[in-house]
Amino acid sequence: MVQSETARAAVPVATARTSRRGAGALIPYLLILPGFFFVAAFTIYPVGSVIVHSLMRQNLAHPVPVWTGLTNYKDTFSDPIFRQVLGNTLLYVVMVVPPAVILGLIFAMIVNQKSKVASFLRTAFFYPIVLPLVSVASVWLFVMTPEYGLLSKAAQLLHLSEPALLRSPSTALPALAIVGIWRQTGFYAIFLLAGLQGIDKEVENAARLDGAGPVRLTLNIRLPLLWPTLVFVITLAMINALQTLDLVYVMTQGGPSNATNVFLFHIYETQFSFSNTGAASALSVIFLVMIGAVSAVNIFVVDRLRGEASGA
Amino acid sequence: MDEKQINVRTRMSRRQMLRGAGIAGAALGAARLAGAVSAAPRAAAGPIFLRGQGTTELSFFYPVGVAGPLAKLMQGLVDDFNKANPSIKVNASFTGSYVDTTTKVQTAVQAKNPPDTAVLLATDLQTMLDLKAIVPVSDLKAGATFDPKDYQQAFFQDTQAEGKTWSVPFQRSTPVLYYNKDVLQKAGGNAEQPPQTWTELVDTSKKIMDAKAAKWGVEFPTSGTAYWLFQCLAIQAGKDLNGEDHTHVNFDTTEATDALTWLVDLSKTNKVMPTGVIDWASVPTDFSSGNTAFAYHSTGSLTAILKEAKFKVGTAFMPKDKQFGTNTGGGNIYIFKDAPADHQQAAWTFAQWMTAPAQATRWAIATGYVPVRISSTDSTEWKDYVAKTPQATTAVDQLKYAKPELTAHQSAQIQKFMSDAVQAAVAGQKQPADALKLAQQQADAILKQYR
């Protein structure tokens, strides 16, 4: 590693210049200081601050922060809106992640085959992700508008009953999930495509010589070798789904009746519309733990897979 | 939050995730979300150091809450003020809906960086007082033409607290019942006699739908701030949602339950309204394209509706149950405490100019809002306007039945509990009585802190 070499080189120079060994030992710490400063200012301090605020009562009624221990957490967990928000968020993850990853995998496999339309398809799959999300949400909002939207017009042509997806609490969240899937699938397809193309051609050729058809090749060779990429993509998809805010903000503002109120939107409204800093901080800490858990599982699983791969 | 900020957040958080992220990355994402939001007012407040000599530059936030090109009209009004007052330059920033604007201002106030002046909901008064964010305009030096008695008193009463005046009414409205005269006639009704009671409204709607004169009888929007229109129904049923002071609300009452049941039954049993939560912004278009014969909406949408509708449009008092009743709505101009003293005084000059009779008339004619000045209604411009547009008089006449809009401490949250209840009932998730009971409990849990 480059860094450790520099560090090792620096130590003798330093000791030569000064007789005191303590000053030389400081050099590595000085070298990491700039990096540490940014981590401290933009990660450690905000996290610490949000944890401290989550233990204080501070809202419009009590503008001066007062220590309240775990009261904010107790209030949060007994709040029916919070339970609804948590349910909505998890439901959204369940509705978005499996279809987005499976479709992404199928797209990747289609594009991976050498064909004249491959580059066109690649562009087609990928372009939703490069569009600004607010524009995407606005366009979908128009598509789903009752009476005038494309969806309604199509239903009118076919003499079907007109869908009013965003008007009903039971269909509003699935409607957002459809947009989420449309948005994300191409993005995951790119990772999976890279994974597929990283598979050693010799392994595939060897399998073909052994008489493996396209199905066996996919199930027994490609998928197992793609597994580390797949785990990474699933984690990414889960975190992205947990972090959904923009779609909700533009399309439904959490309504109707909190049916699309997801975690980040709830944090946003609690802090910025209701000025309840204590409750918003507690919500943020809970969210942090959730994202942390997902990431930890990812790191654990991927490390074990890498270990197996290098051990074999 | 504008498009750019959202994109920055998405892109950045995605890049972090690619790095493997972990707990720290997630924290950064959450912190950045907060940063993106709180940065907005600062950016919009304008470069203070570019101020010309002898000119006071004011930052002014305003929302648009009704249909029509209001942002453009507002810029025109502000430009004219700047021309007429060379010592003051107002930089107007369009800040989204009322809710967005309140959110931005609240955040900016807490970051000690508020705009100098802003249009906020009249009902934000208590919240702004709790935040200690605003100055009473009655403490500032008023110009010669300022006359509190010339403001419509139905609007002026909610600028009052602690014996002082805290804002001036600017774009104020009441909801009215819009109706399609052609359709009414086609269904055998009299175009000049719109329904007067809840029962008549349902009966007429049924007749219209039976005659296939319109696809729907009535639309009553319940998306977003559903409490606003619903409060009118509660007043008509006999009991206002506002309690005796800002620490009480009357959500869980028989009258409110009757009102909510009637609203739910418009689609459920009477089938004269589309099911589900109807979007506030789509109702003016639905009405002016002839899809629905009746529509509840703000009088502020009148100009846009008249412009787009290809039939004769009528406006009427919202039908009564036990009595006629309406609340008021819309925004007042507030001035912020953390602004420098000369900015406050300049902002007060601006606010007086914006609500002077001439501008009040102009704004009302351009939008459909009610003129906030009584003398506006005596002006030749207004008289010429209502001679051509008699629909505009309905809201002014309806003011005699007006009650203040639902407000309380932490009004944004209290109003949302009510809106959630209305939406849950309209969507069929909860019985009206249960929904209102829950809203009352939620509101009491907050309001008891202030009692």
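Residues checked against (1) at pLDDT below 90; (2) more than 15 Å from B:Leu241 (Cα to Cα); (3) more than 8 Å from chain A (Cβ to nearest Cβ); (4) surrounded by fewer than 17 Cβ atoms within 10 Å (Cβ to Cβ):
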| position | (1), (2), (3), (4) |
| --- | --- |
| B:His409 | yes, no, no, no |
| B:Ile414 | no, no, yes, no |
| B:Met418 | no, no, yes, no |
| B:Ala425 | no, yes, yes, no |
| B:Ala435 | no, no, yes, no |
| B:Ala439 | no, no, yes, no |
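Taken over the stretch A:161-172, the criterion of being among the polar types (S, T, N, Q) and surrounded by 12 or more Cβ atoms within 10 Å (Cβ to Cβ) is satisfied by A:Ser168, A:Ser170, A:Thr171.
Is it true that some residue in the stretch B:192-214 is within 30 Å of A:Thr252 (Cα to Cα), among the acidic types (Asp, Glu) and not assigned by TED's automatic domain parsing to the domain that holds B:Thr123? Within the stretch B:192-214, none of the residues are within 30 Å of A:Thr252 (Cα to Cα), among the acidic types (Asp, Glu) and not assigned by TED's automatic domain parsing to the domain that holds B:Thr123. Considering only residues in the stretch B:126-175 that are open to solvent by 20 Å² or more (accessible area, probe 1.4 Å), touching a residue at least 60 places away in the same chain (Cβ under 8 Å) and within 14 Å of chain A (Cβ to nearest Cβ), the one that is farthest from B:Gln106 (Cα to Cα) turns out to be B:Gln126. Quick check on my filter: what residues within the stretch B:172-214 are polar (S, T, N, Q), under 28 Å from the mean Cα position of the chain (by Cα) and under 26 Å from B:Gly300 (Cβ atoms)? Matches in the stretch B:172-214: B:Ser173, B:Thr174, B:Asn180, B:Gln196, B:Thr197, B:Ser205. Scanning the stretch B:298-307 for any residue that is within 14 Å of chain A (Cβ to nearest Cβ) and buried (at least 24 other Cβ atoms within 10 Å of the Cβ) turns up nothing. A residue that is more than 10 Å from chain A (Cβ to nearest Cβ), within 18 Å of A:Pro256 (Cα to Cα) and open to solvent by less than 50 Å² (accessible area, probe 1.4 Å) cannot be found anywhere in the stretch B:389-397.
For the stretch A:207-250, a residue qualifies if it is touching a helix residue (DSSP H, G or I) at 6+ places or on another chain (Cβ under 9 Å) and among the small types (Gly, Ala, Ser), and the qualifying residues are A:Ala207, A:Ala212, A:Ala237, A:Ala241.
I'm told B:Leu58 meets every condition in (1) assigned to a loop (DSSP other than H, G, I, E, B); (2) open to solvent by less than 10 Å² (accessible area, probe 1.4 Å) except one. Can you identify the failing condition by its number? Condition (1) is where B:Leu58 drops out. Reported count of residues in the stretch B:198-222, each being over 14 Å from B:Val264 (Cα atoms), crowded, with 21+ Cβ neighbours inside 10 Å and within 13 Å of another protein chain (Cβ to nearest Cβ), is 2. Scanning the stretch B:68-83 for any residue that is under 22 Å from B:Ala360 (Cα atoms), in contact with a His (Cβ under 8 Å, 6 or more places away or on another chain) and not in a helix (DSSP H, G or I) turns up nothing.
Filtered by the rule that a residue be on the phi < 0 side of the Ramachandran plot and either assigned to a loop (DSSP other than H, G, I, E, B) or of a type in the set (Asp, Glu) (or both), the stretch B:109-139 gives B:Ala111, B:Asn113, B:Pro114, B:Pro115, B:Asp116, B:Asp124, B:Asp130, B:Leu131, B:Ala133, B:Val135, B:Pro136, B:Asp139.
Within the stretch A:172-201, the set of residues being among the acidic types (Asp, Glu) and at pLDDT 85 or above is empty.
Taking A:Leu158 as meeting all but one of (1) open to solvent by 60 Å² or more (accessible area, probe 1.4 Å); (2) without any contact (Cβ under 8 Å) to a residue 24 or more places away in the chain; (3) in contact with a Leu (Cβ under 7 Å, 6 or more places away or on another chain), write down the number of the exception. For A:Leu158, the failing item is (3). B:Ala364: among the aliphatic types (A, V, I, L, M) and open to solvent by 10 Å² or more (accessible area, probe 1.4 Å), yes or no? Criteria not met by B:Ala364. Out of all the residues in the stretch A:121-128, is one or more at the interface with another protein chain (Cβ under 10 Å from one of its Cβ atoms) and either over 30 Å from B:Ile278 (Cβ atoms) or open to solvent by 10 Å² or more (accessible area, probe 1.4 Å) (or both)? Scanning the stretch A:121-128 turns up no residue that is at the interface with another protein chain (Cβ under 10 Å from one of its Cβ atoms) and either over 30 Å from B:Ile278 (Cβ atoms) or open to solvent by 10 Å² or more (accessible area, probe 1.4 Å) (or both). Within the stretch B:318-345, the set of residues being open to solvent by 50 Å² or more (accessible area, probe 1.4 Å) and either at pLDDT below 90 or within 25 Å of the chain's Cα centre (by Cα) (or both) comprises B:Lys320, B:Asp321, B:Gln323, B:Lys337. Annotation note: Cβ proximity below 7 Å between a residue of the stretch A:187-208 that is in the same structural domain as A:Leu236 (by TED's automatic domain parsing) and a residue that is open to solvent by 60 Å² or more (accessible area, probe 1.4 Å) and not basic (Lys, Arg) (sequence gap 6+ or interchain) occurs for A:Ile190/A:Phe126; A:Ile199/A:Leu225. Considering (1) closer than 29 Å to A:Val301 by Cβ; (2) open to solvent by 20 Å² or more (accessible area, probe 1.4 Å); (3) facing chain B (nearest Cβ under 9 Å); (4) not basic (Lys, Arg), the lone condition that A:Met238 does not fulfil carries the number (3). Taken over the stretch A:272-290, the residue count meeting the criterion of being surrounded by 24 or more Cβ atoms within 10 Å (Cβ to Cβ), modelled with pLDDT of 90 or more and at the interface with chain B (Cβ under 8 Å from one of its Cβ atoms) is 1. Can you spot a residue in the stretch A:138-150 that is open to solvent by 30 Å² or more (accessible area, probe 1.4 Å), within 18 Å of A:Gly186 (Cβ to Cβ) and assigned to a helix (DSSP H, G or I)? Within the stretch A:138-150, one or more residues are open to solvent by 30 Å² or more (accessible area, probe 1.4 Å), within 18 Å of A:Gly186 (Cβ to Cβ) and assigned to a helix (DSSP H, G or I). In summary, B:Gln106 fulfils each of the numbered conditions (1) in contact with a strand residue (DSSP E or B) (Cβ under 8 Å, 6 or more places away or on another chain); (2) open to solvent by less than 40 Å² (accessible area, probe 1.4 Å); (3) assigned to a helix (DSSP H, G or I) with the single exception of condition (1).
Among the residues of the stretch A:38-53, is there at least one that is farther than 29 Å from A:Thr171 by Cβ, surrounded by 12 or more Cβ atoms within 10 Å (Cβ to Cβ) and away from chain B (no Cβ under 13 Å)? Yes, that holds for at least one residue. Checking each residue in the stretch B:236-251 for being open to solvent by less than 10 Å² (accessible area, probe 1.4 Å) and part of a loop (DSSP other than H, G, I, E, B) picks out B:Leu241, B:Phe251. Every test in (1) in contact (Cβ under 8 Å) with a residue 40 or more places away in the chain; (2) assigned to a loop (DSSP other than H, G, I, E, B); (3) more than 27 Å from B:Lys403 (Cβ to Cβ); (4) away from chain A (no Cβ under 14 Å) is passed by B:Ala293 save one, and that test is (2).
The values are calculated or read from the model by the stated rules, or taken from the named source; none is laboratory data. These numbers come from a predicted model, not from an experiment. Glycine gets a Cβ as well: all are built from the backbone with ideal geometry, and neighbour counts include every protein chain shown. To get the accessible areas, we keep the full protein, side chains included, count just its heavy atoms, and leave off ligands, DNA and RNA. Shrake-Rupley method; radii C 1.70, N 1.55, O 1.52, S 1.80 Å.
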